[in-house]
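The values are calculated or read from the model by the stated rules, or taken from the named source; none is laboratory data. Keep in mind it's a predicted model, so treat the numbers as computed, not measured. Don't worry about glycine lacking a Cβ; one is built from the backbone with ideal geometry, like all the others, and counts go over all protein chains shown. All accessible areas refer to the heavy atoms of the entire protein, side chains included, with ligands and DNA or RNA removed. Shrake-Rupley method; radii C 1.70, N 1.55, O 1.52, S 1.80 Å.
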Number of protein chains: 2
Amino acid sequence: MIGLLEIYIEKTINFESGVTNLGQKKISRAVISRLPRYYRYLGELLEEGKERISSNELSKRMNVTASQIRQDLNNFGGFGQQGYGYNVKTLSDEIAKLLGLDKEHNVVIIGAGNIGQAIANYHAFDRSGFRLKGMFDIDPALEGLEVRGGIKVRLMDELEDFLKENDIEIVALTIPKTEALEVAKRVTKCGVKGIWNFTHKELNLPEDVTVESVHLSDSLMKLFYKMNSNEESNK
Amino acid sequence: MIGLLEIYIEKTINFESGVTNLGQKKISRAVISRLPRYYRYLGELLEEGKERISSNELSKRMNVTASQIRQDLNNFGGFGQQGYGYNVKTLSDEIAKLLGLDKEHNVVIIGAGNIGQAIANYHAFDRSGFRLKGMFDIDPALEGLEVRGGIKVRLMDELEDFLKENDIEIVALTIPKTEALEVAKRVTKCGVKGIWNFTHKELNLPEDVTVESVHLSDSLMKLFYKMNSNEESNK
């Protein structure tokens, strides 16, 4: 059993055992948890058309020490070269593989309110393998509303068939919390393995279902708390 | 200098020194980071009309051991009583004080798109002292749109005056990331001390400004990564 955030490289990037001596190297939970941030910055560099970057430049942008960056990235192969730096595309691709972003994930959003529509239209997600296949709502007034190129809101009675026919792995739940658990149970019965949960309700589901919750209220409390401590410490 | 998530009780809940022997007790960063979650659950209990709860019941609901709960809550006073449990309202109020949620915070949202409107309408935030005072956008077509009881979208040329006249402490940024830094600088010049940042852009601002970022793409990557590891470990 391998911890969620603690992996062996050979498992995740599928190096055949023996092909590389990195095969047995363990990447710490802390490094893995920093990878999405690296990936985000590398994406910005790609958008700007930058082909390579030194650890010093990346350090300034990310507000992390250059030695931390070198240490983190050396963990999975050290692609940086003296006097050249890192190749942005290669590094981004390697991190994508480590995080499993090189695979496509078919997604359905349930709840066509503001949050649901916002997620549907974040084109930045496409880069991570997010493939929006369908959008559902309980409200007949929304049926047929086009939320994104060709994708129209469907009603909940079509849900089960749609999930199975379209090989949906992930459901984003952007519905009231009172409905959250019931809908989550419905979709996991159809083979959905991941729930992106915006409902402010914690979901206890079978172990083989992964739940990632976005608790906006926790984030807001953190902001208040940090502001409060900041004020107190400046007194 | 006190770390952001490491506080002395007397600072935050303003116990006069000497009035209580809790005065010098330090609450660990780990406990503080769990408090928003306790607060969320206690809010659910209040909504259900529950007046008291035992650590065992709370443990089942939150999927945390009862001894962890007792340990965490004893940190700031041990309101639990043998055979009675915790008084839900008292506990919730104490956590609110620790997190600084008992104070009101005047908020303006900049960006009246889907995310901005979603935040404006999350009534759950009201309980944490979130007071929406205004909503701004760059798009003249949105001017005057009512987003929530009496609050209408204003255009950006009114921004500075509005922030100063309404004593705004916090701005939620729900705008494209290309505009994020410029707008953040504009508002901090008007005395705003906290930015709730949804822009997918990291903001480096003066030290006395607190930034709390919601990176939805990081959350999505975490979901993909956890699903990937889950699959691998089940092979």
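Values for this structure:
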| item | result |
| --- | --- |
| Exclusive hit being of a type outside the set (Ser, Thr, Tyr) and modelled with pLDDT under 90, set A:Gly43, A:Gly116, A:Gly111 | A:Gly43 |
| Wholly enclosed helices (runs of 4 or more DSSP H) of the range A:136-235 bearing at least 2 residues within 14 Å of chain B (Cβ to nearest Cβ) | A:177-188, A:216-233 |
| B:Ile69 vs. criteria under 22 Å from the mean Cα position of the chain (by Cα) and in the same structural domain as B:Glu158 (by TED's automatic domain parsing) | no |
| Residue within the range A:21-33 that is assigned to a loop (DSSP other than H, G, I, E, B), away from chain B (no Cβ under 13 Å) and either at pLDDT 90 or above or in contact with a Ser or Thr (Cβ under 7 Å, 6 or more places away or on another chain) (or both) present | yes |
| A:Val88 among the hydrophobic types (A, V, I, L, M, F, W, C) and more than 14 Å from chain B (Cβ to nearest Cβ) | yes |
| Test result for A:Asp139, farther than 23 Å from B:Gln117 by Cα and either surrounded by fewer than 20 Cβ atoms within 10 Å (Cβ to Cβ) or acidic (Asp, Glu) (or both) | no |
| Scope the range A:139-155; condition in contact (Cβ under 8 Å) with a residue 24 or more places away in the chain and over 18 Å from A:Asn166 (Cβ atoms); matching residues | A:Asp139, A:Leu142, A:Leu145 |
| Number of positions in the range A:80-133 that are part of a loop (DSSP other than H, G, I, E, B) and open to solvent by less than 30 Å² (accessible area, probe 1.4 Å) | 5 |
| Residue within the range B:111-118 that is free of Cβ contacts under 8 Å to residues at least 24 places away in the same chain and closer than 21 Å to B:Glu212 by Cα present | yes |
| A:Phe130 being modelled with pLDDT of 90 or more and under 25 Å from the mean Cα position of the chain (by Cα) | yes |
| Per-region count, the range A:52-79, residues part of a helix (DSSP H, G or I), surrounded by fewer than 15 Cβ atoms within 10 Å (Cβ to Cβ) and away from every other protein chain (no Cβ under 14 Å) | 5 |
| The lone exception for B:Gly49 - which of (1) modelled with pLDDT of 90 or more; (2) assigned to a loop (DSSP other than H, G, I, E, B); (3) open to solvent by 70 Å² or more (accessible area, probe 1.4 Å) it fails | (3) |
| Test result for B:Thr174, open to solvent by less than 10 Å² (accessible area, probe 1.4 Å), of a type in the set (S, T, N, Q) and in contact with a helix residue (DSSP H, G or I) (Cβ under 6 Å, 6 or more places away or on another chain) | no |
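Residues checked against (1) farther than 22 Å from A:Ala112 by Cβ; (2) hydroxyl-bearing (Ser, Thr, Tyr):
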| position | (1), (2) |
| --- | --- |
| B:Leu101 | yes, no |
| B:Asn106 | yes, no |
| B:Ile115 | no, no |
| B:Ser128 | yes, yes |
